[in-house]
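The values are calculated or read from the model by the stated rules, or taken from the named source; none is laboratory data. Because the structure is a prediction, the values reported are computed rather than measured. All Cβ positions, even for glycine, are placed from backbone atoms using ideal geometry, and neighbour counts span all protein chains on display.
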Amino acid sequence: VLSVENEAMGTGGAVALARQHLSGQGPVLVLNGDLISSVDVTALVVHHAATGAKATLSLWEVEDPSRFGVCDLDESGMIGRFQEKPEPGTEFSNLINAGCYLIERDVLNGLSSDKHSMEREVFPGLAEAGGMAGLAFTGYFVDAGTPESFIEAAQVCIANGRYDSGHVEGNSWFGEGSNCIGAAHSSSIGQGCNIGEGASVSDCVILSGANIGAGARLDGCLVGQGANVAPDSNYSGLVIGHGASV
């Protein structure tokens with residue numbers, strides 16, 4: 001089911017809109033769609049049941065938590081405080097909300113249908129009331145909300161075999177029907193792409209149907225579907241839109 005919002009409803013409003021499509025009993029799993037991680041959902045479910053929490057968050061440790069929701073986790077696996085996107089230096093932990101969590105049905109049913117934020121308006125209250133648990137995991141986690149991290153997410157997927165079609169050569173993934181006469185390094189080459197003779201792409205994501213001209217050099221670029229890059233051009237850190245020509 002795809003929910004189309006005429007107005008952005010925030011994370012809380014978006015989850016509330018899903019209620020009408022849910023059946024059955026028990027906790028509901030919510031997963032942010034802009035991340036790649038190795039979270040063990042089964043372990044999360046077990047921890048949720050063992051603690052009797054109203055909500056259980058997957059947690060990841062980072063050096064700079066200012067872009068994320070920060071959790072104060074105690075020895076029993078419960079979160080005593082939740083702080084969304086703290087100012088640098090004000091965080092009380094380096095454990096962040098990793099965008100995968102379980103919530104009980106009464107929490108889900110109690111969500112407002114209006115625009116609101118789970119992280120700013122729901123989680124802090126649950127933590128203060130003693131109803132929120134957390135479980136840290138290791139492996140990998142990429143919040144793919146920027147062009148750079150989108151490329152990183154693709155590289156992590158390649159390194160960990162997270163693809164269901166195409167093939168890997170060296171450290172690059174090639175989609176079905178792609179044709180690479182040039183060279184690709186640590187890149188994702190989508191279905192039906194063409195990489196011309198003498199061209200080189202490094203740390204790039206090339207989406208389906210794009211054409212990279214002969215002799216072109218791309219480094220750290222995100223190339224949209226059906227885009228065209230001229231022969232012998234040289235770009236670094238560029239985002240090229242779907243169907244665009246540069």
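General observations
- Within the range 178-236, the residues that satisfy the criterion of being in contact with an Asp or Glu (Cβ under 9 Å, 6 or more places away or on another chain) and of a type in the set (D, E, K, R) are Asp203, Arg217, Asp219.
- Pick from the range 130-156, criterion part of a loop (DSSP other than H, G, I, E, B) and in contact (Cβ under 8 Å) with a residue 40 or more places away in the chain, ranking: farthest from the chain's Cα centre (by Cα): Gly130
- The lone criterion from (1) of a type outside the set (Lys, Arg); (2) in a loop (DSSP other than H, G, I, E, B); (3) surrounded by 16 or more Cβ atoms within 10 Å (Cβ to Cβ) left unmet by Leu102 is number (2).
- Identity of the residue in the range 36-66, modelled with pLDDT under 95 and in contact with a strand residue (DSSP E or B) (Cβ under 6 Å, 6 or more places away or on another chain), that ends up surrounded by the most Cβ atoms within 10 Å (Cβ to Cβ): Pro65
- Selection of first residues in the range 101-124 that are in contact (Cβ under 8 Å) with a residue 40 or more places away in the chain and within 23 Å of Ser37 (Cα to Cα) and of second residues that are among the β-branched types (Val, Ile, Thr) and in a helix (DSSP H, G or I), restricted to Cβ pairs under 6 Å at least 6 apart or on distinct chains, gives the following pairs, ordered by first then second residue: Ser117/Thr11; Met118/Thr11.
- Qualifying residue in the range 2-25 (condition: in contact (Cβ under 8 Å) with a residue 12 or more places away in the chain and assigned to a strand (DSSP E or B)): no
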